[in-house]
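Report on the following structure.
Rule-based calculations on the coordinates, nothing more; no lab input. Not measured: the values here are computed from a predicted model. Positions of Cβ are backbone-derived with ideal geometry, glycine not excepted, and every protein chain shown enters the neighbour counts.
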Amino acid sequence: MKKNASIEEIFESENLDVNAIVVSGIPERHIEAVKAIAKLMVATDYHNPNFKPDFTDYDESKYSPYVEMGSPSGVGFSSHYCDRWFTYSVVGSRLVSESSEVAKRIFDNHEDLYKAFMVYDREVK
């Protein structure tokens with residue numbers, strides 16, 4: 001495992017093509033966000049190869065990046081720090097890491113994917 005692997009290298013490590021992700025059945029405006037979160041799930045597995053979060057264990061720490069949202073264009077979108085989450089967390093198990101260092105590394109290496117999945121400039125009618 002390379003610490004700073006690209007998303008393409010991460011997919012290749014599982015004999016997958018990052019460009020082969022197909023999403024259908026949802027509005028066009030959400031497709032890139034769903035592709036981004038799919039890529040982040042694979043990246044999170046890659047960077048946490050020996051970590052299986054146990055959400056029944058209240059003593060086990062789980063980490064995810066905590067980001068500050070800026071404007072809808074993404075200006076000011078940045079990782080302030082990583083937060084520790086407990087079992088009662090609203091953070092899904094697919095994107096948690098075993099340490100704050102790993103969570104921050106994933107964010108730093110794939111900030112564009114977090115932005116694609118989290119920043120939504122919703123059009124109003």
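By a straight-distance test (C-alpha under 28 Å), which lysines pair with Lys125 as possible cross-link partners, with residues fewer than eight away in the same chain excluded? Counting by Cα, and skipping residues close in sequence, Lys125 has these lysines nearby: Lys35, Lys115.
Take the Cβ atoms of Glu123 and Ser24, set R0 to 25 Å, and the FRET efficiency comes out at 0.70.
With the simple spin-label model, which puts each label point 7 Å out from Cα in the Cβ direction, the Ala38 to Asp57 separation comes to 3.1 nm. Listed by chain and number, the lysines placed with their C-alpha closer than 17 angstrom to that of Lys3 are Lys39, Lys104; residues fewer than eight positions away on the same chain are left out.
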